[in-house]
Amino acid sequence: MFRLLVPLVGTLLCHSSNSFVLRSPISTGNTGCHSPIVTSALRQQKQAADDWDPQQQEPTDQELSHSDGSILFKRRDAMTASRDCAILLSTMLLGSPLAEAATDGAAGIGADPKHPVVILGAGGQCGKLCTQILISKGLYVLATTRDGRAVLKEDSPFVTYASCDITKETVVNQALSGASGVIFAASASGKAKGGVARDVDYIGAMNTATACIQQKVPKLVLLSAGTVTRPDAPAFKQTNYFVKDYFGEKFMDYKIAGESAVRDIYAAQKQQGGKGQLGYTIIRPGALNGRPSKGPAKLHLSQGDIYSSEISREDVALVTVEALLKGKDTDFVTFELNQIGGLKKCIASLDDLPSELVHAGAPTFSELLGGLVTDSDMKAKYPNVVNDFRGDIVR
Ligand SMILES: NC(=O)c1ccc[n+]([C@@H]2O[C@H](COP(=O)([O-])OP(=O)(O)OC[C@H]3O[C@@H](n4cnc5c(N)ncnc54)[C@H](OP(=O)(O)O)[C@@H]3O)[C@@H](O)[C@H]2O)c1
């Protein structure tokens, strides 16, 4: 139901008020095996490459200008972009550019069947897509659900299945034993299905981070949600209101509480003399939709929890896998993920963000994720942007 309600709320807010975005808080505070998802992403990338025309790109930048006329993101050098697109196009004729980009710097994540990537909530829509993308790259996955069912129709030597209820600390700990990476794609399934937000999105996230540290898992990627640090934002309030009968009160509060617990657990590990081997990435998508991937050229990645509109689950999954496989390059960072097109509808109402915090459009997913600011640097450099809201809950 949440799948239906949140996009609906997002759509209504975006279309009716042009304001499904945050305002003001800033001032206060085996590549040959192409699954449908990869084929779809390739199609999108090809389309982006085919569509590339520096002359036509210019209006897009204008549409992404702030109301005061300042440019929201730096327009890429047209020559460089043209060259990159040409490389992209030629690469596509030889193999999957997604797979090549993602496995660069992967540091062995998922390469050994004894050390698979563990997906928590693999039966969910994003979890399943992440599973498909990883196995399409010839990487090993342990796809977990509460009942241990197979989530893919097709057999693959790269995927095995197991049960894992993330609300149970010892169960998560066992499931993550030997993992080379973890994707947290779970979320409350609702009171009727035995899971409220407090148990799954908060306690479950805390259990996961604790287990990742105990089991020395190199990398955790957690799916959270946009606007979680902005309790005054319409999207935050509306989500809590509309889903409370299904997932319990304070859904968004428990989402940010889960995020905060993850950051705290990793910070404590560092302070205790951990060698910084273990890292996390937290992704805050806007309202999820079931449409095909738009591709990296049409995605908007930002930091500071200011921008939120909508994004396809395919793109969320592709970025999630990329963030995982980039290893240390994306350690200790939190970012929002949206479609440029969705934000354009309400761009005039957005607060300004330093250009360092906005990455809009890139030739590859890997480049989209380049140059992110760590959470500790965000606090130090941008104290007026970061809102340290941790959820109005009883801990
Ligand atoms: N929907 C949106 O618009 C939106 C917006 C922003 C962010 N997000 C976040 O994005 C992520 C992915 O969303 P989605 O729509 O792909 O999710 P989804 O389809 O609702 O899947 C969530 C999965 O979590 C699993 N789960 C529930 N309780 C669990 C437990 N105790 N242990 C293990 N797994 C459990 C569910 O398993 P069962 O199948 O067994 O119930 C379900 O398969 C979630 O974190 C969500 O909160 C969603």
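Structure notes:
- Put the Cα centre of the stretch 203-263 next to the Cα centre of the stretch 116-152 and the gap is 20 Å.
- The stretch between residue 232 and residue 272 holds 10.9 nm of extra length on full extension. This uses 0.36 nm per residue minus the Cα-Cα distance.
- Estimated distance in nm for a label pair at residue 249 and residue 393, the labels positioned 7 Å out from Cα along Cα-to-Cβ: 1.3
- Lysines whose Cα lies under 26 Å from that of residue 191, excluding same-chain neighbours fewer than 8 positions away: 128, 168, 237, 244, 250, 255
- Of the trypsin sites (Lys or Arg not before Pro) in the stretch 215-311, the ones in a loop by DSSP (not H, G, I, E or B) with at most 15 other beta carbons within 10 Å are 216, 275.
- Heavy-atom accessible surface of the stretch 284-394, averaged per residue, reaches 30 Å², computed with a 1.4 Å probe.
- Taking all protein chains as shown and a probe of 1.4 angstrom, residue 352 keeps an accessible surface of around 80 Å².
- The Stokes-Einstein estimate for the stretch 272-395, based on a Kirkwood radius over Cα pairs and taken at 10 °C with 1.306 mPa s viscosity, is a diffusion coefficient of 105 µm²/s.
- Sorting 230, 291, 390 on solvent-accessible area from highest to lowest, probe radius 1.4 Å, gives 291, 390, 230.
- For the pair residue 169 and residue 344, a Förster radius of 45 Å applied to the C-beta separation gives a FRET efficiency near 0.55, rounded to the nearest 0.05.
The values are calculated or read from the model by the stated rules, or taken from the named source; none is laboratory data. Source: prediction; values computed, not measured. Reconstructed Cβ throughout: ideal geometry from the backbone, glycine too, with neighbour counts over all protein chains shown. Surface areas here come from the heavy atoms of the whole protein model, side chains and all, with no ligands, DNA or RNA. Shrake-Rupley method; radii C 1.70, N 1.55, O 1.52, S 1.80 Å.
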